[in-house]
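**Student:** Sharing a structure, written as structure tokens. Questions coming.
The values are calculated or read from the model by the stated rules, or taken from the named source; none is laboratory data. Remember, it's a predicted structure, so these values are computed and weren't measured experimentally. No Cβ is skipped: glycine too gets one built from the backbone with ideal geometry, and neighbour counts run over all protein chains shown.
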Amino acid sequence: MSRPRRELRRVVGVEGCGPYALVRVDRGTIDPGDPGQFFMLEAPGRVLPRPMSLCLAPRGELAFLLDPIGPGTRALAALGPGDHIHVLGPLGNGFRLDVPRPLLVGGGIGVAPLPYLAEALERPPAVLGFRTQKHAEAAALIPNAEVVIDPVLVTDVMPADRDVLACGPEPMLEAVRALVPAAQLAWEAPKACGYGACYGCAVEIDGELKRLCVEGPVLCNS
Amino acid sequence: MQLLNASGCLDALTAPDIARALDAFVTKTITPEPRDGNSPVRIAETDSGMLNAIGLANPGRERFLSSTLPQLRALGVPLWVSVGGFAAHEYAETCARLDGVTIELNLSCPNVDEAPQSAAEIVRACRAATTNPLYAKVSPHAWDMGETVRALEAAGADGLSMVNTLRGAALDARLRPKLARGSGGYSGPAIKPVALAAVLAARRATDLPIVGMGGVTSGRDALELIACGATHVALGTVLFSDPDAPSRVHRELVEESLQLGFADPEGAFCAALDPVVTMEN
């Protein structure tokens, strides 16, 4: 298996998107990969890089949507045009795109991979849930989206008989899976490396603890 | 001087190109029985290091010997196998089944219960079971490092790996431990001074080879360990942030040595053991 190279990339800009930040970097020769795959982004001043799924791949760029809630994500959100960070990716396994009736489901910052996924699937319908109206501003990145705000849940409004591709907080993914057992779900776990070295991102898969960065982050029962 | 990875910081089968950039690959610790490891959350970053509580996740001795080890041998990289257990005889039984590798005894994992025997007793049992080169991985928590390494040498160790992680904990915003296990092994740049002091103390007590490790992120860091008496250097946490660290640290190590007037990195060996006293007017 060939490993993607870690490259130093120039930051094009950082834009606000509700409470979130969209970090845009110069793509160079980096392959944007499949929707749902992720990249390890150097967080300036921190010991470990941060895993971020690709949000958008505009011409010549890679864009990552993040929620600046900790020291690493805040350092990334504080980047400015002309700064440089190391980027490693694409990593992991993304969504399978060979689905006849796709429905994108996202919750909170879990909507991050959906814009790139929506592009690849030619703008399928989407259902997005957010905590507040402010957070819901991120829905502008995703076409054909129905938006619900807490306490309404995505599972309250999800249409039936669809091939669900979902990313969001764990309780949301569990609830989606209960309704649609064959859904493709993108999970999250703390990662130190993103390429199978640290064993930090272990999650229970088929009754065993396995590395999410190697087996996922997109997992599917079927 | 060889550059290795610290045990548990690289999976050579997932990233063979990184393993091949090292002079030797050290496996994750192998225990007699398979282990899933500890429940998540198993890692957390701190301001100047990281905590892990992986808990020796590994396929167990039998699957390692029948499946993993042949695949590792096919990589063509010299192998060190990290051996763990929960009693001296468990370590020794694994050692007896290994050939053509260097063995590193993990005597100091902070994330599992310890064997009831002392580190020296475990080394003695393993020495009786194998003629392979036998390294003892030392805890940085030893009160008297000189006494500890002399006991390991007397028990039959051919070399020392030092240091393992320190035990540490970190709390989240709501004052709960970030790691599910509560505490874990602390590694990264923060522990470099601990590693330097441990290697210095060990070198004053023994002539055994020492693999120095703990917070190495640059060639300069590696050279400092050599100056304290390390004969080899291992990379740990830095591999997580920079998979290209082996070739980079190799290159920087040579450059840094030349800049300081040494023909090669070995020229700096033990340079820190004979401090020159300077008097400033």
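**Student:** Tell me, please, whether a residue that is under 15 Å from A:Cys167 (Cα atoms), touching a residue at least 40 places away in the same chain (Cβ under 8 Å) and of a type in the set (Val, Ile, Thr) can be found in segment A:122-134.
**Tutor:** The answer is no, given that none of the residues of segment A:122-134 is under 15 Å from A:Cys167 (Cα atoms), touching a residue at least 40 places away in the same chain (Cβ under 8 Å) and of a type in the set (Val, Ile, Thr).
**Student:** Anything in segment A:198-220 that is at negative phi and either at pLDDT below 90 or surrounded by fewer than 21 Cβ atoms within 10 Å (Cβ to Cβ) (or both)? List them, or say none. Quick ask: steps written out before the conclusion?
**Tutor:** The initial filter retains those residues of segment A:198-220 that are at negative phi, namely A:198, A:200-205, A:208-220.
Residues satisfying the conditions are A:Val203, A:Glu204, A:Ile205, A:Glu208, A:Leu209, A:Lys210, A:Val214, A:Glu215, A:Leu219, A:Cys220.
**Student:** Has segment B:80-98 got at least one residue that is in contact with an Asp or Glu (Cβ under 7 Å, 6 or more places away or on another chain), buried (at least 22 other Cβ atoms within 10 Å of the Cβ) and within 14 Å of chain A (Cβ to nearest Cβ)?
**Tutor:** Yes: segment B:80-98 contains one or more residues that are in contact with an Asp or Glu (Cβ under 7 Å, 6 or more places away or on another chain), buried (at least 22 other Cβ atoms within 10 Å of the Cβ) and within 14 Å of chain A (Cβ to nearest Cβ).
**Student:** How about segment A:80-133: which of its residues are crowded, with 16+ Cβ neighbours inside 10 Å and on the phi > 0 side of the Ramachandran plot?
**Tutor:** Residues satisfying the conditions are A:Gly89, A:Gly92, A:Gly108.
**Student:** Which ones in segment B:87-107 are without any contact (Cβ under 8 Å) to a residue 60 or more places away in the chain, touching a Gly at 6+ places or on another chain (Cβ under 9 Å) and within 17 Å of B:Leu152 (Cβ to Cβ)?
**Tutor:** Result: B:Tyr91, B:Ala92, B:Leu105, B:Leu107.
**Student:** What number of residues within segment A:187-222 are of a type in the set (Asp, Glu) and either touching a helix residue (DSSP H, G or I) at 6+ places or on another chain (Cβ under 8 Å) or within 18 Å of B:Gly55 (Cα to Cα) (or both)? Let's see the steps before the verdict.
**Tutor:** First, pick out the residues of segment A:187-222 that are of a type in the set (Asp, Glu): A:188, A:204, A:206, A:208, A:215.
Within this subset, residues satisfying the condition of being either touching a helix residue (DSSP H, G or I) at 6+ places or on another chain (Cβ under 8 Å) or within 18 Å of B:Gly55 (Cα to Cα) (or both) are A:188, A:204, A:208.
The qualifying residues number 3.
**Student:** Taking helices (runs of 4 or more DSSP H) that fall entirely within segment A:140-222, which contain at least 1 residues that are in contact with a Phe, Trp or Tyr (Cβ under 7 Å, 6 or more places away or on another chain)?
**Tutor:** A:170-179, A:212-215
**Student:** For A:Pro4, are the conditions met, namely being part of a loop (DSSP other than H, G, I, E, B) and either farther than 30 Å from B:Gln71 by Cα or small (Gly, Ala, Ser) (or both)?
**Tutor:** On the way: part of a loop (DSSP other than H, G, I, E, B): yes; either farther than 30 Å from B:Gln71 by Cα or small (Gly, Ala, Ser) (or both): no.
Considered against the rule, which asks whether it is part of a loop (DSSP other than H, G, I, E, B) and either farther than 30 Å from B:Gln71 by Cα or small (Gly, Ala, Ser) (or both), A:Pro4 comes out as no.
For every residue, the table says whether it meets (1) over 17 Å from the mean Cα position of the chain (by Cα); (2) over 28 Å from B:Pro193 (Cβ atoms).
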| residue | (1), (2) |
| --- | --- |
| B:Gly76 | yes, yes |
| B:Glu93 | yes, yes |
| B:Pro116 | yes, yes |
| B:Cys126 | yes, yes |
| B:Glu147 | yes, no |
| B:Asp158 | no, no |
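**Student:** For segment B:1-39, which residues satisfy the criterion of being outside any loop (DSSP other than H, G, I, E, B), more than 12 Å from every other protein chain (Cβ to nearest Cβ) and surrounded by fewer than 20 Cβ atoms within 10 Å (Cβ to Cβ)?
**Tutor:** Answer for segment B:1-39, where residues must be outside any loop (DSSP other than H, G, I, E, B), more than 12 Å from every other protein chain (Cβ to nearest Cβ) and surrounded by fewer than 20 Cβ atoms within 10 Å (Cβ to Cβ): just B:Ala24.
**Student:** Right, next: From (1) at pLDDT 95 or above; (2) more than 11 Å from chain A (Cβ to nearest Cβ), pick out the condition that doesn't hold for B:Met50.
**Tutor:** So the condition that B:Met50 fails would be (2).
A quick yes/no check of all residues on (1) at positive phi; (2) of a type in the set (Val, Ile, Thr); (3) touching a strand residue (DSSP E or B) at 6+ places or on another chain (Cβ under 8 Å); (4) modelled with pLDDT under 95:
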residue: B:Ile103; (1), (2), (3), (4): no, yes, yes, no
residue: B:Asn106; (1), (2), (3), (4): no, no, yes, no
residue: B:Ala119; (1), (2), (3), (4): no, no, yes, yes
residue: B:Asn132; (1), (2), (3), (4): no, no, yes, no
residue: B:Tyr135; (1), (2), (3), (4): no, no, yes, no
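**Student:** In segment A:110-121, what residues are farther than 12 Å from A:Ala166 by Cα and either part of a loop (DSSP other than H, G, I, E, B) or in contact with an Asp or Glu (Cβ under 7 Å, 6 or more places away or on another chain) (or both)?
**Tutor:** Correct list: A:Leu121 only.
**Student:** So, one more: Using the structure shown, decide if A:Ala186 is touching a Ser or Thr at 6+ places or on another chain (Cβ under 9 Å) and away from chain B (no Cβ under 14 Å).
**Tutor:** Yes, satisfied.
**Student:** Now a separate question. Would you check if there is a residue in segment A:84-104 being part of a helix (DSSP H, G or I) and within 14 Å of chain B (Cβ to nearest Cβ)?
**Tutor:** Looking for residues that are part of a helix (DSSP H, G or I) and within 14 Å of chain B (Cβ to nearest Cβ), one finds none in segment A:84-104, hence no.
**Student:** Six or more apart or on different chains, Cβ atoms under 6 Å: show the pairs whose first residue is in segment B:194-218 and basic (Lys, Arg) and whose second is crowded, with 20+ Cβ neighbours inside 10 Å.
**Tutor:** Listed by first residue and then by second, the contacts come to B:Arg203/B:Gly229.
**Student:** Pull out all pairs, ordered by first then second residue, where Cβ-Cβ is under 9 Å, the residues are six or more apart or on different chains, the first lies in segment A:197-219 and is more than 9 Å from every other protein chain (Cβ to nearest Cβ), and the second is in a helix (DSSP H, G or I) and among the aliphatic types (A, V, I, L, M).
**Tutor:** Filtered contacts from segment A:197-219: A:Ile205/A:Leu212; A:Leu219/A:Leu212.
**Student:** Then there's this: As an exercise: evaluate A:Ala189 against (1) closer than 26 Å to A:Arg46 by Cβ; (2) among the hydrophobic types (A, V, I, L, M, F, W, C); (3) crowded, with 24+ Cβ neighbours inside 10 Å and give the number of the one condition it does not meet.
**Tutor:** It is condition (3) that A:Ala189 fails.
**Student:** What residue, of B:Leu72, B:Leu105, is away from chain A (no Cβ under 14 Å), in contact with a helix residue (DSSP H, G or I) (Cβ under 9 Å, 6 or more places away or on another chain) and under 26 Å from B:Ile191 (Cα atoms)?
**Tutor:** Sole residue among the options that is away from chain A (no Cβ under 14 Å), in contact with a helix residue (DSSP H, G or I) (Cβ under 9 Å, 6 or more places away or on another chain) and under 26 Å from B:Ile191 (Cα atoms): B:Leu105.
**Student:** I'd like the full set of residues that are assigned to a loop (DSSP other than H, G, I, E, B), within 14 Å of chain B (Cβ to nearest Cβ) and surrounded by fewer than 17 Cβ atoms within 10 Å (Cβ to Cβ), limited to segment A:8-59.
**Tutor:** If the condition is that a residue be assigned to a loop (DSSP other than H, G, I, E, B), within 14 Å of chain B (Cβ to nearest Cβ) and surrounded by fewer than 17 Cβ atoms within 10 Å (Cβ to Cβ), then A:Pro44, A:Gly45 are the ones that fit.
**Student:** Would it be correct to say that A:Cys167 is buried (at least 17 other Cβ atoms within 10 Å of the Cβ), of a type outside the set (Asp, Glu) and more than 21 Å from A:Arg96 (Cβ to Cβ)? Let's see the steps before the verdict.
**Tutor:** On the way: buried (at least 17 other Cβ atoms within 10 Å of the Cβ): yes; of a type outside the set (Asp, Glu): yes; more than 21 Å from A:Arg96 (Cβ to Cβ): no.
So A:Cys167 does not fit the description; no.
**Student:** Taking the conditions exactly as written (over 21 Å from A:Ala118 (Cα atoms), within 14 Å of chain B (Cβ to nearest Cβ) and more than 14 Å from the chain's Cα centre (by Cα)), does A:Glu174 satisfy them or not? Reasoning before the result, please.
**Tutor:** Working: over 21 Å from A:Ala118 (Cα atoms): yes; within 14 Å of chain B (Cβ to nearest Cβ): no; more than 14 Å from the chain's Cα centre (by Cα): yes.
In short, no.
**Student:** Which residues, taken from segment B:254-266, are in a helix (DSSP H, G or I), closer than 27 Å to B:Arg20 by Cβ and free of Cβ contacts under 8 Å to residues at least 60 places away in the same chain?
**Tutor:** B:Val254, B:Glu255, B:Glu256, B:Ser257, B:Leu258
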